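Take a look at the structure set out below.
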Amino acid sequence: MSSLDPVEVPMDGEVIQLNQPIAVDEILLVPRHNAKRYIARVDGEGNIVVTIPKRGSRKGAVAFAREHTAWLREQQRLAASRKERNPLRNGDWIWFRGSRVELKVSKDWGRPVLRFSEERLFIADEDIDLARPLGKKLQSLAKAEFPERVASFAKKFNLKYSGVSIRNQKTRWGSCSSSGRISLNWRLVMTPPEVSDYIVIHELMHLREMNHSHLFWRLVREACPQYKLHERWLNEYQSELSWG
């Protein structure tokens, strides 16, 4: 296998372990009728991509990726160490619930505190890169909010799922596994509520149609008539949501 493209480390600062299991919803499966074998790589956004040959299968592709777990994780670690980014500082802004909000660092009884919108969190130092504590805060908000949103929409559309995971990915907003587990990107907490609702609906519709066929998109359109507007918003502002 050849070298991989640069990828990102998790926003929560967790070090990637070489034996860290690869979850099914980490893998983007790409069928290629002209491919002669399985090929695993990591794209520029940090997603593991496995090409499925003509006579291959989803199960075989996942198994192939897992056979090369140590190599894939090592390449992620090496590439992440080379990745450069601009730190977040006092006075910068981020998206939060569909609005641009300013990051404000001040003192509260002598302790530095970060404020944005109506949120506040204590930080270690006024001059640190705010990306890590801010990412942890937004992840905690996503974990508190999104499972309830999934449950609400699942009830509305009379669908059953097996669970909800909140994950850290750069451009993949969500996924639905064959076991019925819904995974959502924590960065959705930065988008307008109607946009994150669309992603929830999109993944839930995969419980009825596990592909992106015409039938699937018809189900999405019936459940969320304005879905194209929401996709357009994500495409337009995606680069501003992928800090960290």
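The values are calculated or read from the model by the stated rules, or taken from the named source; none is laboratory data. Worth saying up front: this structure is predicted, and the values here are computed from it rather than measured. Don't worry about glycine lacking a Cβ; one is built from the backbone with ideal geometry, like all the others, and counts go over all protein chains shown. For accessibility, only protein heavy atoms count, side chains too; no ligands or nucleic acids. Shrake-Rupley method; radii C 1.70, N 1.55, O 1.52, S 1.80 Å.
Results, tabulated for the structure shown:
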item	result
Per-region count, the stretch 167-176, residues more than 21 Å from residue 224 (Cα to Cα) and either small (Gly, Ala, Ser) or touching a strand residue (DSSP E or B) at 6+ places or on another chain (Cβ under 6 Å) (or both)	2
Candidate set from the stretch 27-57 (those that are out of contact with any helix residue (DSSP H, G or I) (no Cβ under 8 Å at 6 or more places or on another chain) and in contact (Cβ under 8 Å) with a residue 60 or more places away in the chain); member that is least open to solvent (accessible area, probe 1.4 Å)	28
Top-ranked residue of the stretch 176-195 - restricted to ones that are open to solvent by 10 Å² or more (accessible area, probe 1.4 Å) and touching a helix residue (DSSP H, G or I) at 6+ places or on another chain (Cβ under 6 Å), ranked as nearest to residue 219 (Cα to Cα)	176
Elements of type strands (runs of 3 or more DSSP E) in the stretch 86-203, at least 3 residues being farther than 20 Å from residue 25 by Cα	93-96, 99-102, 104-108, 111-116, 119-122
Close pairs from the stretch 212-225: first under 21 Å from residue 28 (Cα atoms), partner surrounded by fewer than 12 Cβ atoms within 10 Å (Cβ to Cβ) and not aromatic (Phe, Trp, Tyr), Cβ under 9 Å, at least 6 apart	none
Filtered residues of the stretch 204-232 (kept if in a helix (DSSP H, G or I), open to solvent by less than 40 Å² (accessible area, probe 1.4 Å) and not hydroxyl-bearing (Ser, Thr, Tyr))	204, 205, 216, 219, 220, 223, 230
Which numbered condition residue 134 fails, given (1) surrounded by fewer than 13 Cβ atoms within 10 Å (Cβ to Cβ); (2) modelled with pLDDT of 90 or more; (3) more than 21 Å from residue 231 (Cβ to Cβ)	(1)
